[in-house]
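The values are calculated or read from the model by the stated rules, or taken from the named source; none is laboratory data. All of these numbers come straight from a predicted model, not from anything done at the bench. Here Cβ is always computed from backbone atoms with ideal geometry, including for glycine, and neighbour counts include all displayed protein chains.
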Amino acid sequence: MKLARMPDGSPEIFHTIQGEGRSTGLPTVFIRASLCNLHCRWCDTPYTWNWEDTDFEHDLGRKFKRDNEIIDFTPAEIAGIVEAYPCSNYVFTGGEPLIQEKAWVELMRALRETNTGSHFEIETNGTLAPGPAFTELVDQFNVSPKLSNSGIPREKRIVPESLEFLAGTGKADFKFVIGELTDLAELIEIQAAAAIPNERIFLMPRSNSVDELEANQGWVSTLAIEHGFRYSDRLHLRLFGAKRGV
Ligand code: SF4
C-alpha cells in the first residue's frame with residue numbers, strides 16, 4: 001500500500017484529534033495514503049501527487065520527488081503499527097485513499113478481527129464510488145467534492161453517479177471548501193443533483209493557515225447559518241499549525 005512518507009522516512013501515521021467535520025475533537029489515528037486522481041491548486045497535501053514530471057499547477061509552486069514521498073507497507077504491517085495506539089477510531093486520508101480501495105478493505109478486516117469496536121472514517125474527494133465490501137466495513141464517509149475554486153475542470157472533479165451513490169449509503173457527510181461567496185451556487189447545484197440533505201453538508205473555510213482561517217470563518221459560518229448547513233472548523237490548524245503528522 002502506498003502511504004505518504006514523512007521527511008524522517010516513516011509512514012504518515014499519527015495519533016491526534018480529528019480537526020474537521022462531524023467527529024471534530026475525537027482522538028483519532030490518521031493513516032495518510034499517497035496518490036490522488038485530482039490536483040487542486042490549494043491542496044494542503046501536494047506531496048501526495050504533485051510530482052516533478054507533471055505539469056499540474058499549485059499555489060505553492062513546488063514539485064515533489066515521487067520516490068522521496070511514498071513508502072510501501074502491507075495492510076498487515078499497517079495494522080501492527082496502528083494497533084499500538086490506545087485508540088480505535090481510524091481516519092483514512094490522502095491524497096485520494098479510494099485509489100487503493102482493496103488494501104483498505106484488508107486493513108479494516110484485520111483491525112476488526114482484533115477489535116470489533118474499531119471505527120473507520122474515510123476522507124475522499126467523491127469521484128470514486130467504492131464497492132460493496134468497502135462500503136459495508138466503513139462507518140463514515142467524509143466526502144469533499146471539489147468546486148471550481150480548485151482549478152480543476154468540472155467533468156474531472158464532479159462524478160454525479162459517485163456522489164449519488166455515496167449520499168445513498170446514509171453514511172456520508174459532504175464537506176465543501178468555501179473560498180468565495182460564488183462557491184455557494186455551485187454547492188447548491190451539486191446538492192440538488194446528488195440529493196444530499198442539508199444536515200449532511202458542512203461548509204469549511206478555505207484555509208492553509210490560522211490567519212486565512214480567521215479571515216474566512218466569519219462569513220462562511222454566516223453562510224452556513226443562513227442556508228441551514230453545518231459549519232466545520234479546522235481545529236488541527238488552530239492547535240498545531242500547518243504541520244505534517246499532527
Ligand atoms: S482531492 Fe484532496 S488530496 Fe487530491 S488534490 Fe484535491 S485537496 Fe489534494
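Quick notes on this one:
- Of all residues making up region 13-46, the number that are among the hydroxyl-bearing types (Ser, Thr, Tyr), within 14 Å of the ligand (Cβ to nearest atom) and more than 19 Å from ARG206 (Cβ to Cβ): 1
- Residues of region 222-237 satisfying the condition of being surrounded by fewer than 13 Cβ atoms within 10 Å (Cβ to Cβ) and touching a helix residue (DSSP H, G or I) at 6+ places or on another chain (Cβ under 9 Å): GLY228
- Within region 133-151, residues that are β-branched (Val, Ile, Thr) reach partners that are within 11 Å of the ligand (Cβ to nearest atom) and not in a strand (DSSP E or B) with beta carbons closer than 9 Å, at six or more positions or on different chains, in the pairs VAL143/ASN125; VAL143/GLY126.
- Screening TRP219 on (1) of a type outside the set (Val, Ile, Thr); (2) touching a helix residue (DSSP H, G or I) at 6+ places or on another chain (Cβ under 8 Å); (3) at pLDDT 95 or above; (4) in a helix (DSSP H, G or I) shows it passes everything except condition (2).
- Top-ranked residue in region 83-119 [being within 16 Å of the ligand (Cβ to nearest atom) and touching a helix residue (DSSP H, G or I) at 6+ places or on another chain (Cβ under 7 Å); ranked as farthest from GLY19 (Cα to Cα)]: GLU101
- Matching option when the condition is surrounded by fewer than 17 Cβ atoms within 10 Å (Cβ to Cβ), closer than 29 Å to VAL159 by Cβ and modelled with pLDDT of 95 or more, among THR74, THR54, THR48: THR54
- Selection within region 145-171: residues that are within 20 Å of GLY21 (Cα to Cα) and surrounded by 20 or more Cβ atoms within 10 Å (Cβ to Cβ). The member of this set that is farthest from the ligand (Cβ to nearest atom) is ALA167.
- Residue count, region 162-210 (criterion: closer than 20 Å to HIS236 by Cα and polar (S, T, N, Q)): 3
- Region 77-119: number of residues that are closer than 20 Å to THR45 by Cα and either of a type in the set (A, V, I, L, M) or surrounded by fewer than 14 Cβ atoms within 10 Å (Cβ to Cβ) (or both): 3
- Residue check, THR135 outside any helix (DSSP H, G or I) and among the polar types (S, T, N, Q): no
- Positions within region 222-235 being outside any loop (DSSP other than H, G, I, E, B), of a type in the set (A, V, I, L, M, F, W, C) and under 23 Å from the mean Cα position of the chain (by Cα), in sequence order: LEU223, ALA224, LEU235
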